[in-house]
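Reviewing the structure listed below.
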Amino acid sequence: MKLAAITRLSLWLLPLLLLSPALWASDGILPAVTVTQGPDGSSQYSVTMQILLLMTAMSFIPAMVIMLTSFTRIIVVLSILRQAIGLQQTPSNQVLIGLSLFMTFFIMTPVFDEIYAKAVTPYMDGTLNIEQAYQQGKDPLKAFMLAQTRDTDLKTFIDIAGYDNIPSPEATPMQVIVPAFITSELKTAFQIGFMLFIPFLVLDLVVASILMAMGMMMLSPMIVSLPFKIMLFVLVDGWSLVMGSLATSFGLGN
């Protein structure tokens, strides 16, 4: 009963809490949420509004890290690699995600540095407002995504969106670039995963043929081939090769 009473009280107080900043702003007591038009036509947001927008944007950070960076390609390739070796839970999902995150930060560092230099630093110095900082920070990320997006995928989503007068890929809106980028990343990740799968598949076929020739048809080839696949992957320094290939696939080191 107490919980129900507290819930009803919270529902009654919530509209008052939401309305109170607007009432205070209207009386001039606390201008919490205000938008002021500048002399050049730009909009100046109050500090409270900027904090609100920042907190809202932070809630989208996980989705942005996954979908707007190199994270998708890396995690898909590592998952396919684990499946190709035949290890179901080793490395664990936590290890793969952590490795993918740090590889993402390593690959995206030049982009993040450019965003910080062009958008974050001028905004903190007061030379750019929040809208100008957003435009300046969007350009490096947009250039990175376009460099990894296939022209066919970009054209597909441009046609779906109904844009007919886009002069260049750089003029494409972000709502079109993002799905095209994700589609291209998935295609590239599956291509890399296919190339990684082939050697392990060949080893499985060789072991299965040997076991069948020896009449050991009741023994699973996966059990016998697993140690050989692990040994082969270690002997060729597989982790270094995979990580290096993933980094160079984004243009690093070229």
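The values are calculated or read from the model by the stated rules, or taken from the named source; none is laboratory data. Since this is a predicted model, take the numbers as computed values, not measurements. Here the Cβ positions follow ideal geometry from the backbone for every residue, glycine too, while neighbour counts run over all protein chains shown. Quick note on the areas: whole protein, heavy atoms, side chains included, nothing else; ligands and nucleic acids left out. Shrake-Rupley method; radii C 1.70, N 1.55, O 1.52, S 1.80 Å.
Okay, residues lined up against (1) crowded, with 18+ Cβ neighbours inside 10 Å; (2) under 28 Å from TYR134 (Cα atoms):
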| site | (1), (2) |
| --- | --- |
| ASP159 | no, yes |
| PRO179 | no, yes |
| LEU186 | no, yes |
| ILE192 | yes, no |
| PRO199 | no, no |
Checklist entry - Where residues in region 119-144 are polar (S, T, N, Q) and not in a helix (DSSP H, G or I), which of them is most open to solvent (accessible area, probe 1.4 Å)? => result THR127
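For (1) modelled with pLDDT of 85 or more; (2) of a type in the set (Ser, Thr, Tyr); (3) surrounded by fewer than 14 Cβ atoms within 10 Å (Cβ to Cβ), each residue gets a yes or a no:
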{"position": "VAL47", "(1), (2), (3)": "no, no, yes"}
{"position": "PHE60", "(1), (2), (3)": "no, no, yes"}
{"position": "THR69", "(1), (2), (3)": "yes, yes, no"}
{"position": "ILE75", "(1), (2), (3)": "yes, no, no"}
{"position": "GLY86", "(1), (2), (3)": "no, no, no"}
{"position": "GLN89", "(1), (2), (3)": "no, no, yes"}
Checklist entry - Considering only region 208-232, how many residues are modelled with pLDDT under 75 and under 30 Å from VAL242 (Cα atoms)? => result 2
Checklist entry - Can you name the residue in region 124-146 that is among the small types (Gly, Ala, Ser) and modelled with pLDDT of 80 or more and is also farthest from THR188 (Cα to Cα) among such residues? => result GLY137
Checklist outcome for this item: ILE97 vs (1) within 15 Å of the chain's Cα centre (by Cα); (2) touching a residue at least 24 places away in the same chain (Cβ under 8 Å); (3) under 27 Å from SER225 (Cα atoms): all pass except (2)
Next on the checklist: Quick check on my filter: what residues within region 91-117 are surrounded by 18 or more Cβ atoms within 10 Å (Cβ to Cβ) and touching an Asp or Glu at 6+ places or on another chain (Cβ under 9 Å)?
Outcome noted: ILE115
